[in-house]
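Report on the following structure.
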Amino acid sequence: MALRCLMVGAGLSGAVIGRALAEAGHNVIVVDARDHIAGNCHTERDAATDVMVHVYGPHIFHTDDEEVWSYVNRFETFLPFKNRVKTTSQGAVYSLPINLHTINQFFGKTLRPDEARAFLESKADLSIDDPQTFEEQALRFVGRDLYEAFFKGYTMKQWGCSPSELPASILKRLPVRFNYDDNYFFHKYQGMPENGYTAMVEKILDHDNIAVRLNTRVGRADMADYDHIFYSGPIDGWFDYELGHLGYRTLDFERFDYDGDYQGCAVMNYGDIDVPYTRITEHKHFSPWENRKKSVLYREYSRACTESDIPYYPIRQVAEKTLLAEYIKLAEQEKNITFVGRLGTYRYLDMDVTIREALDCARTWLAVQETGQKMPVFNISVL
Ligand SMILES: Cc1cc2nc3c(=O)[nH]c(=O)nc-3n(C[C@H](O)[C@H](O)[C@H](O)COP(=O)(O)OP(=O)(O)OC[C@H]3O[C@@H](n4cnc5c(N)ncnc54)[C@H](O)[C@@H]3O)c2cc1C
C-alpha cells in the first residue's frame with residue numbers, strides 16, 4: 001500500500017530518503033523553509049560573474065564509499081577536483097595539511113622524509129604522555145612552533161575558545177605528512193558536480209511520486225497528515241526549544257568580487273589571531289574547468305550562533321551532549337517520525353556520510369513496512 005510520507009528539509013537527507021521511498025511506490029512530499037532545494041550544499045550561478053557560488057560555504061565531495069559514489073554519479077557528472085589548501089601565517093604562505101614542503105619551508109631546511117620525522121620528534125613535547133586537550137595533542141605531535149603557526153589562532157577563531165579547552169579528539173591523528181602530498185583529503189573518490197550540487201539534488205527529487213514545496217516551514221502540529229515524517233531540521237527546534245538551545249557555531253560570509261584571479265587557489269586559511277577571518281574561499285577555483293575571468297570570494301568569520309542565525313557546526317561539548325540526551329528522551333516518545341541528517345541528529349556530517357545514512361534509513365523504513373516492526377526514531381547512534 002502506498003503511504004504518504006513527509007520529508008522536512010530538501011537537503012541531501014530529505015532528497016535521498018524521499019527518492020528511495022518514491023521509487024518504492026510511496027507518495028513523498030518534500031518541504032523546505034528556504035526558497036531553494038539542496039540545503040546547505042546549495043550552489044547558485046552568480047549573474048554578475050557567471051561563477052558557480054557555494055552559497056553556504058565551499059563543499060568538496062570526497063568518499064571511500066563505493067555505493068555513495070555511484071549514487072551521486074547517477075544524478076550528476078562529477079569532474080576531478082583535488083582540494084589543495086594553503087595557509088597564510090606570519091607573513092608567509094604554506095601548504096596544508098602540514099607536509100614535507102611545509103616543514104622545510106617553515107624551518108628553512110631541505111630535510112628528507114626520515115630526517116623530517118626525526119626533526120619533528122625533537123620538537124614534540126614528549127613530556128605529554130596522555131594528551132587530553134587539543135592543545136596538548138598538537139604540542140605532543142608537532143611542537144610549539146608549528147602548533148602556534150597552523151593550529152592555535154585558526155582554532156581559536158573557529159571555535160571561539162582556547163585549544164586548551166577543546167578535547168584532544170578534534171585532532172585525532174598525526175596531522176602531518178612526511179612527503180610532498182598536499183591533497184587535503186585521503187579518500188579514494190573526490191570530485192565536484194559539473195553543474196553544482198543544486199542541479200544534482202534537483203535530479204534526485206525529479207520523480208513522479210515526489211512533490212516539493214519551498215518556503216514552507218512545518219512543525220509538530222503538521223504531523224497528523226502523514227504516515228511517517230523524516231525530519232532533517234534541528235532536533236531542539238522540533239520541540240520548540242523547550243529545554244533550551246543546542247549550541248552551534250555559525251558563519252558569516254563577507255562576499256567581495258575581483259576582476260581576475262585573487263589568490264590562485266580555492267581555499268586560503270589565515271592562521272594568525274589578529275586576522276579576524278578564518279579563511280578566504282575563491283569560488284571559481286572549485287569549478288576549474290569553467291575558466292571564468294571574474295571572481296567571487298568569501299571571507300569567512302566564525303562566531304557563536306544566536307537564535308536568528310543559521311546553525312553550522314554543532315559544539316558537542318559536555319553541556320551540549322547532556323542537553324542532547326534530554327532531547328533524545330523526548331524524541332523517543334514521538335510516533336511516526338525519524339530524526340535524520342546533520343541537524344536532526346546534531347552531528348557534523350560530511351555529504352557522503354549524510355547520503356550513506358539516508359540510504360540506510362530509507363532501507364530500514366522500507367524493511368519495517370514488510371515486517372510490521374516499529375521504525376526507530378533514530379536510525380543511528382546519535383550521542
Ligand atoms: C561550512 C560547511 C562546509 C561544509 N563543507 C563540506 C565539504 O566540503 N564536504 C562535505 O562532504 N561536506 C561538507 N559539509 C557538510 C554538508 O553541508 C552536510 O553534509 C549536508 O548539508 C547535510 O545535509 P542535510 O540534508 O542533513 O542538512 P541541510 O543541508 O542543513 O538541510 C536541512 C534543510 O532542512 C530545512 N529545514 C529545517 N527545519 C525545517 C522546518 N521546520 N521546516 C522546513 N524546512 C526545514 C533547512 O532549511 C535545510 O534546507 C559542510 C558543512 C558546513 C557547515
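Values in this text are rule-based calculations from the coordinates and carry no lab data. Everything quoted here is computed from the prediction, not taken from an experiment. A quick note on method: Cβ atoms are made from the backbone with ideal geometry, for glycine too, and the neighbour counts reach across all protein chains shown.
Report, in listed order, any pair from K109/K294; K109/K152; K109/K284; K157/K321 with a Cα-Cα distance greater than 27 Å.
On the way: K109/K294 38 Å; K109/K152 23 Å; K109/K284 34 Å; K157/K321 22 Å.
Pairs exceeding 27 Å: K109/K294; K109/K284.
Among the DSSP beta bridges whose two residues both lie in the chain, what percent are antiparallel, rounded to the nearest 5?
On the way: 33 of 53 bridges.
In the chain, DSSP labels about 60 percent of beta bridges as antiparallel.
Here the Debye sum runs over all C-alpha atoms of the stretch 85-173 as equal scatterers in vacuum, and log10 of I(q)/I(0) at q = 0.12, 0.13, 0.14 Å⁻¹ comes out as -0.36, -0.42, -0.49. Which angle from 0 to 90°, rounded to the nearest 10, does the C-alpha axis of helix 113-123 make with the longest principal axis of the chain? Roughly 90 degrees, rounded to the nearest 10.
Computed from phi, the 3J(HN,Hα) profile of the stretch 283-296 under the Karplus parametrisation 6.51, -1.76, 1.60 (θ = phi - 60°) reads 5, 5, 6, 7, 10, x, 5, 8, 6, 7, 7, 7, 9, 10 Hz, with x in place of Gly and Pro. Whole-Hz Karplus values for the stretch 155-161 come out as 5, 4, 5, 5, 10, x, 8 Hz, taken residue by residue from phi with 6.51 cos²θ - 1.76 cosθ + 1.60 and θ = phi - 60°; glycine and proline positions read x. Compared with the dominant principal axis of the Cα atoms in the chain, helix 12-23 is inclined by about 40°. Evaluated at q = 0.12 Å⁻¹, the base-10 log of the normalised Debye intensity for the chain, with identical point scatterers placed on the Cα atoms, takes the values -1.02.
Partner aspartates and glutamates whose Cα lies under 15 Å from the Cα of K123, excluding those fewer than 8 positions away in the same chain, are identified as D114, E115, E135, E136, D145, E148. Each part gets one Cα centre, and for the stretch 1-24 versus the stretch 205-253 those centres are 13 Å apart. Between rounded, prolate and oblate, where does the stretch 269-376 land on the alpha carbon gyration tensor, with a ≥ b ≥ c its root eigenvalues, rounded for a/c under 1.5, else prolate if a/b exceeds b/c? In terms of gyration-tensor shape, oblate.
Across the chain, Cα pairs under 8 Å and at least six residues apart give a relative contact order of 24 percent.
Axis of helix 66-75 versus longest Cα principal axis of the chain: the two differ by about 70°, to the nearest ten degrees. Remark: the stretch 34-41, residue by residue, has Karplus-estimated 3J(HN,Hα) of 7, 9, 8, 8, 5, x, 6, 8 Hz, where x stands for each Gly or Pro and the curve is 6.51 cos²θ - 1.76 cosθ + 1.60 at θ = phi - 60°. Proximity of backbone amide H atoms, modeled 1.01 Å from N, is registered between F61 and G191 at under 5 Å, excluding neighbours fewer than 5 places apart on the same chain. Given labels modelled 7 Å from the Cα in the Cβ direction, how far is it in nm from N183 to M1? Label at N183, label at M1, 5.1 nm between them. Straight-distance candidates among the lysines for linking to K335, with alpha-carbon spacing under 16 Å and chain neighbours fewer than 8 residues away dropped: K374.
As a length-normalised measure over Cα pairs under 8 Å and 6 or more apart, the relative contact order of the stretch 85-173 settles at 23 percent.
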